[in-house]
1. For a quick check of your reading of the filter: which GluC sites (Glu not before Pro) in segment 1-85 sit in a DSSP loop and have no more than 15 other Cβ atoms within 10 Å?
2. Quick check: the angle from helix 67-77's long axis to the longest principal axis of the chain, C-alpha only, nearest 10 degrees?
3. Taking only protein heavy atoms and a 1.4 Å probe, what accessible area per residue, in Å², does the chain have with all protein chains in place?
4. Rank THR111, THR213, THR64 by mean-square fluctuation in a GNM of the chain with C-alpha springs under 10 angstrom and give only the top-ranked residue.
5. Given just the C-alpha atoms of the chain, how large is their convex hull per residue in cubic angstrom?
6. Leaving ligands, DNA and RNA out of it, report the carbon-plus-sulfur percent of the accessible area of the chain at a 1.4 Å probe.
7. Could you work out the local net charge near VAL115, counting Lys and Arg as +1, Asp and Glu as -1, over the other residues with Cβ closer than 14 Å to its Cβ?
8. Just want to confirm a number: the relative contact order over segment 8-121, from Cα pairs under 8 angstrom separated by 6+ residues, in percent.
Amino acid sequence: MTLLSLEEIAVKLDSENSGDRMVGLASLRNVPAADAFPFIEKLLNDENLQVRSMAVFALGIKATAQSFPILVKILEGEPDYSIRAGAAGALGYLEDERALEPLVRAFYEDTDWLVRFSAAVSLGNLKDLRAQDVLLSALDSDEIVLQQAAIAALGEIKCIEAVDRLLRFVQSKDWLVRQRLAEALGHLPSDQSISALKYMAKDSHFQVSEAATFSLKRLADATTL
């Protein structure tokens, strides 16, 4: 892909064609965050939902001091659930501990599963143990995708205390749940984790067995450092 100059990007972003505007946003990946922000900001209220979604996501990738308050405002007040979900996801990319509270509120209070899923994923990205309680509660969700997100996030925050609760998913009927568990246990060194991973290394689904084998190696390598 040919790199565009700032002037060329500006032309794309001002185009009446939504495809051009998306190309312009994508081209900002090679632009410093401070220079990219004014271009991103002008598209946060774009009439095209995909363009708006890309702009919101870009606030997380091209983080500046302005990103956090804007994303929280969108998460808490945007009518469209997909845009709220994008804001929740972008907050995780900031890796800003201040995002913990708005993400926890979104998980407990938002009515849409996609927003709650994005919030759970981002709580893992923050790698903050204070997210433990909300993520443990997500394990009891009726939505399998929320269980998947919570399992992965508990691994990301290295919540050793969660191992007992996680082990009930070893024989989940959903192979993606089992895969997320195998990956998470690789971040949670304990005798129980190792025992479960040895069992999962023989799983009938190859992606689960591969994840378990990799996690066993991760834990073994960690003990030799």
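The values are calculated or read from the model by the stated rules, or taken from the named source; none is laboratory data. Please read these numbers as outputs of a predicted model, since none were measured by experiment. Please note: Cβ atoms are built from the backbone with ideal geometry, for glycine as well, and neighbour counts cover all protein chains shown. The accessibility values were calculated without ligands, DNA or RNA, using every heavy atom of the protein model including side chains. Shrake-Rupley method; radii C 1.70, N 1.55, O 1.52, S 1.80 Å.
1. Filter output for segment 1-85: GLU16, GLU47.
2. 80 degrees
3. With the other protein chains kept in place, the chain gives 52 Å² per residue.
4. Of THR111, THR213, THR64, the most mobile in the Gaussian network model is THR111.
5. Values: hull volume 33.3 nm³, N = 225.
Residue-normalised Cα hull volume stands at 148 Å³.
6. Working: 6140 of 11680 Å².
Using a 1.4 Å probe with all protein chains present, the chain comes out at 53 percent carbon and sulfur.
7. Summing Lys/Arg as +1 and Asp/Glu as -1 gives -4.
8. Dividing the mean separation by the residue count of segment 8-121 yields 19 percent.
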